[in-house]
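The structure appears below as structure tokens.
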Amino acid sequence: MAGEVDGVEIVARRGKLVRGALTGWGLLMYLFLFVPVLLLVLLSFNRNRYGSFPITGLTTEWYTSVLQSSDLQDAIKTSLGIAAEVTAISVVVGTAAAFPLVRSRLRFRSAFRVAFTLPIMIPGVLIGVSLLSFFTNVLGLQLTTQTAVIGQSVYTTPYVLLIVAARLAGFDRGLESAASDLGANAFQRFRRIVLPLIAPAIFAGALFAFTMSLDEFVITYFIIGAQITLPIYIYTQIKFGITPAVNAVATILIVGSLGISGLGIAVPRVIKMSVRRVRRRQQARRARPAGAV
Amino acid sequence: MTTQSIAAPGPAPKPVRVARPRLLSRLSQYLGFTPAAVLFGVFFGAPMVMIVLYSFWTQNGYSIDERWTLANYQTIFSTPVYIDTFLTTLWMTAAATALTLAIAFPFAYWLARYVRRSWQRPLLFLVIIPFWVSYLLRVTSWTIILGSKGGLAHLLGLFGLNTPSWFLYDRPAVIFVLVYLYFPYAALTLFSALERFDWRQVRAARDLGATQARALRSVMLPQIRPGITTAVIFVFIPILGEYLTPQLVGGTRGVMIGNLVDNFFEEAQFAQGATVSVLIAAVVVILLIVFRRSLEVGEMYGR
């Protein structure tokens, strides 16, 4: 694509220089991005109790202490529970709203679009404090993990909505008309045509919502009451300086996330491949008698 | 991205209409919105309305009275500390946004123009990986690096220098960490704009006698401008409402307006907190209205 073939050699040399400089810049940016991350990983193996420099020796004792800490395990459990609920809510609500957003010819469609994307543009602090006052002063609710689930869902649903809507927008409606012409009813069309085609977007949205929920601190901190999620645990820890245990948790989380997203990339591919293989086999089976004629 | 099919080849003389405006399908259109309308209406819209009301009501000890007043706004606008914080926040946000864009643009340009297509996806993926590290830990990791016992101090020590004391726990550190946190947003948005640009146009401009700089300025820039606006907005707005990073690395001088909101609500000063919240929200909404045409909200996430 970037086949710059310039006749004049000086221009070519300058082009090479620019290219080299930009490549250097690109690599520098990756360094910038990863230095803090790698540092956390390194320090999680550091014997130093203060979770910072200097490196006094290597150890895995922080990992064993993490695995034994019941506070931390509770926090992780709470976080996973909340994340699961938040993901379920945002996927259902976001997907349901994506359809009319893309397909309907409602008059207020763009107004809906703005209204539904506003929660990601309004700072988390504002969502947090407004929900806090709303729950306690207006509804008189006890703050629990359920209130936190609601608060996070407000924040994650728009992302799912946008991801699914983008997929729907690039969706060839002729496919549905074709299915309809072939006698498929609305449910069949949805089940056999629409759902398989938007499944990757729903999956991506779910993954996005899940990871956002796991790391959400600002909103959650205001409205969760006495419960402790993983980010809140980390927050209480780093108030007294970073502990190596927290670094170990971070490292476990990175590896876990890499694993999950590795699955996220691999699973759809495997599914797609096997579906294609099955289809090819069916086609081959169908083609054989036709070819015999 | 859109896989638009070729227009249906039909013998029908009149234009083919796919959508049938039946009452049922009309209703089902609204039906899809219902859960979202409930979620956002009750748990986003209503609380926001309530905050606006609070900002016009009277604080009475630790509770709030439904007596209308403008006193909250008067207090905010007549107290130098609050005005200072607001203005400081604006320039810090502007500085952080400008820096983020300035370092992300060459990166995105390199990725879009000079990197082989098959490498672009994996390299983009790498940009997202730091997101999986807890926000809090990404911030505190920098306090280790920038701190007095940290890596930077070691590095500077080799040259016989001390870490500048004005950096960490002050505004520069806040800006620096914010640039770090929002770099991926800017890089991804700018890349998606540059990716769609056809570089042959630059060639064409060069062939017609334009210099490289001129070609980029008059041919490339106008086409990616919406992408740049989107990047600016998507970095500026979240930074404007930041309160964790200033709290963790800003010290007393690095306080931003989000911290003000937090402090007011922690002290149960709901009316004042609500007033500052309304002011922040007003800035956000105004920015969104002004730039609504060039915002590519859907495309940013629809990749």
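Remarks
- Cα-centre dipole for the stretch A:69-242 with unit charges at Cβ (Lys and Arg positive, Asp and Glu negative), debye to 20: 720 debye
- Per-residue [θ]222 nm for the protein assembly as shown (sum of -39500 (n - 2.57) over DSSP H runs n ≥ 4, rounded to 500): -23500 deg cm²/dmol
- Measuring r between the beta carbons of A:LEU27 and B:ARG121 and using R0 = 30 Å, the FRET efficiency lands at 0.95.
- Selection from B:LEU188, B:TYR109, B:LEU137 lying farthest towards where the dipole of the stretch B:79-301 points positive, charges on Cβ: B:TYR109
- Entry for the stretch A:69-242 at q = 0.08 Å⁻¹: log10 I(q)/I(0) = -0.32, Debye formula applied to identical alpha-carbon scatterers, no solvent contribution.
- Mean Cα-pair separation over length for the stretch B:79-301, i.e. relative contact order, pairs under 8 Å, 6 or more apart, %: 27 percent
- Unit charges on C-beta of K, R, D, E only; dipole of the protein assembly as shown, Debye: 3620 debye
- Computed FRET value (nearest 0.05) for A:ALA226 with B:SER63, which takes r as the C-beta separation and R₀ as 25 Å: 0.65
- Distance between modelled label sites at A:VAL275 and A:LEU38, nm, 7 Å Cα→Cβ extension: 3.9 nm
- Euclidean distance between Cα centres, the stretch B:219-280 to the stretch B:29-44, Å: 27 Å
- Shielding by partners for peptide B:254-266, expressed as the average number of C-beta atoms from other protein chains within 10 Å of each residue's C-beta, is 2.
- Net charge dipole size for chain A [Lys, Arg +1 and Asp, Glu -1 on Cβ; Debye, nearest 20]: 1720 debye
- Shielding by other protein chains, A:127-140, mean Cβ within 10 Å: 6
- Which of B:LEU260, B:LEU248, A:THR95, positive extreme of dipole for the protein assembly as shown (C-beta unit charges): A:THR95
- Remark: mean inter-chain Cβ contacts per residue of A:253-261 equal 3, using a 10 Å Cβ-Cβ cutoff to other protein chain atoms.
- Helices assigned as whole DSSP H runs in chain A whose Cα atoms extend at least 27 Å along their own long axis and whose mean Kyte-Doolittle hydropathy is -1.0 or higher are found at A:9-43, A:70-103, A:145-169, A:195-215, A:244-292.
- For the options A:GLN73, A:GLN283, A:GLN142, a Gaussian network treatment of chain A with springs between C-alpha atoms closer than 10 Å singles out A:GLN283 as fluctuating the most.
- Ranked packing of A:28-41, B:35-48, A:200-213, A:159-172, most packed first, by mean Cβ within 10 Å: A:159-172, A:200-213, B:35-48, A:28-41
- Its convex hull of Cα atoms gives the stretch B:79-301 a direction-averaged projected area, equal to a quarter of the hull surface, of 15.9 nm².
Every number here is computed from the coordinates shown, using simple stated rules; none is lab data. In this text, all values refer to a predicted model and were calculated from it rather than measured experimentally. Cβ: placed from backbone, ideal geometry, glycine included. Neighbour counts: every protein chain shown.
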